[in-house]
Amino acid sequence: MNGGNPDLIEFVREKIRQDGPVTFAWFMEQALYHPQFGYYSSGQCQIGRRGDYFTNVSVGPLFGRLLARQFVEMWEIMGRPADFVVVEQGAHHGEFAHDVLTAMSDSPPDLRYCIIEPFPLLQAQQEKTLSEFADKISWRKSVADLERFAGVHFSNELIDSMPIRLIRRERGGDWQEKFVDNSGDNFAFAAMPIADAELRSHLEKIPRNDNDIYETEVNLGALKWIEGIAAKMTRGFVLTVDYGYPRPEFYATERTAGTLQSFAKHRRASSPLDDVGHVDITAHVDWTSVAERGEESGLNLIAFTDQHHFMTGLLAKHSPQENEGRALQTLLHPEFLGTRFQYLGLSRNLPPVQLSGFRFARNPRQTLGLTKNER
């Protein structure tokens, strides 16, 4: 076995010995989120230039300050309610929340900030980072534990780390699911017929192709996630930031190996089955499916755009400080983060609005390839 956490590896191997091959979604959940040994839950994950990967928050406070301006505008569009809540999911060590709360110190005056955090180790770090805002912060372990709320649900690089199902098909054959099995001292993939009815139903949305071998991913967890948020939100916005593609591009004929990848120290690992618990495992987001399920759950699609256009829209009203030029370039420039990330905006129980961040966005239904459920 190549590296990894030996206790986690033995836990997975024993599960397979007892029950047979496991879905990759179960394997990925243990690798990232096992309560003791997972990459995220154990504190193994490190973000930034000296960590495993670089994200918007790594740039510095500017990202949080710009998003705070968008949150304030959302509050104003909602009529400045006294019970406005910002819900953040995937807060890591709390730096983004700190930057947002610092920027929103005056408005809304009664702002409440709730972090969804299932892991005690990360909550303890967030409490330390956010100690000066203790009177505004609360924590919940899951979306299901949230009270119904009015405000905004925000996430940054959350969906890409949700456990996924791996599927494959050979020319002229049926879809199969890739399971994880023991193979000597290692793990290996094993293709098996698809028995899961929900997965089989979703496969009907994937365009047909004639490739000799075609492999890709399905993120059913993201669909349940957006359903859960819609059920908890009485009124407000969902804003999620991540990297991915509209469905036609996600399942493009030439993307024969899908988007699954694993990273450590800014380098791509050879296989997601290696170094279990010590590497990040991710897959791009199928944005169309998330927006589609959001609409089916009672949300309204507002807009979809890349980070360059989103930030440019916000900056049309707000200028950065003189010392923020380098950070702004990193966030905006296509060769850095400007086109790597996309922003999906949804709303609930609000009239059609144009948020500043989506000022320069194109028609989202056309961009995402949505033709049904017109609203």
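At a glance:
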| item | result |
| --- | --- |
| Carbon/sulfur fraction of accessible area - the chain, other protein chains in place, 1.4 Å, % | 47 percent |
| Rounded to whole Hz, the Karplus (6.51, -1.76, 1.60) HN-Hα couplings of segment 68-76, x for glycine and proline | 4, 4, 5, 5, 4, 4, 4, 4, 5 |
| Long-range Cα-Cα pairs in segment 31-139 (distance over 19 Å), rounded percent | 47 percent |
| Tilt relative to the chain, helix 6-19 - C-alpha long axis, 0 to 90 degrees, to 10 | 60 degrees |
| Peptide ranges 26-35, 223-232 listed from the most packed, as the mean C-beta count within 10 angstrom indicates | 26-35, 223-232 |
| Largest-first ellipsoid semi-axes for segment 143-255, taking √(5λ) over the Cα gyration tensor eigenvalues, angstrom | 32, 17, 13 |
| Surface/4 estimate of mean projected area, convex hull on alpha-carbon atoms of segment 232-297, nm² | 6.6 nm² |
| Cα gyration tensor of the chain - equivalent ellipsoid semi-axes, whole Å, descending | 34, 25, 20 |
| Reduced Cα scattering model of segment 111-204, Debye log10 I(q)/I(0), q = 0.21 Å⁻¹ | -1.08 |
| Relative packing of 154-167, 71-84, which averages over residues the other C-beta atoms within 10 Å, highest first | 154-167, 71-84 |
| Calculated [θ] (222 nm, deg cm²/dmol) that DSSP helices of n ≥ 4 give over the chain, each run adding -39,500 (n - 2.57) | -9000 deg cm²/dmol |
| Residue-by-residue Karplus 3J(HN,Hα) for segment 221-235, coefficients 6.51, -1.76, 1.60, Hz, glycine and proline x | x, 5, 6, 5, 4, 5, 4, x, 5, 4, 5, 8, 8, 7, 6 |
| Principal-axis tilt of helix 120-129 within the chain, Cα atoms, nearest 10 degrees | 30 degrees |
| Phi to ³J(HN,Hα) by Karplus 6.51 cos²θ - 1.76 cosθ + 1.60 over segment 22-37, Hz, x for Gly, Pro | 10, 5, 5, 4, 5, 4, 5, 5, 5, 4, 9, 10, 3, x, 9, 10 |
| Sequence-distant residues sharing a close amide H with Lys205 (under 5 Å, placed H) | none |
| Kirkwood Rh and Cα Rg combined as Rg over Rh, evaluated for segment 184-226 | 1.04 |
| Glu296-Arg171 pseudo-label distance in nm [points 7 Å out on the Cα-to-Cβ vector] | 3.3 nm |
| Protection proxy ranking of 15-22, 305-312, 341-348, 195-202 - average other beta-carbon atoms within 10 Å, highest first | 341-348, 305-312, 15-22, 195-202 |
| Å² per residue, accessible surface of segment 179-264 at 1.4 Å | 43 Å² |
| Accessible area expressed per residue, segment 1-141, with surrounding protein chains retained (probe 1.4 Å, Å²) | 43 Å² |
| Of Lys178/Lys232; Lys128/Lys224; Lys205/Lys232; Lys15/Lys205; Lys141/Lys205, those spanning more than 29 Å from alpha-carbon to alpha-carbon | Lys178/Lys232; Lys128/Lys224; Lys15/Lys205; Lys141/Lys205 |
| C-alpha long axis of helix 287-296 to longest principal axis of the chain, angle in ° | 70 degrees |
| Kirkwood Rh in Å, taken over segment 162-215 so that all alpha-carbon pairs contribute | 12.3 Å |
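The values are calculated or read from the model by the stated rules, or taken from the named source; none is laboratory data. It should be emphasised that the depicted structure is a prediction, and the values quoted were computed from it without experimental measurement. Here the Cβ is made from the backbone with ideal geometry for all residues, glycine too, and neighbour counts use every protein chain on show. Surface areas here come from the heavy atoms of the whole protein model, side chains and all, with no ligands, DNA or RNA. Shrake-Rupley method; radii C 1.70, N 1.55, O 1.52, S 1.80 Å.
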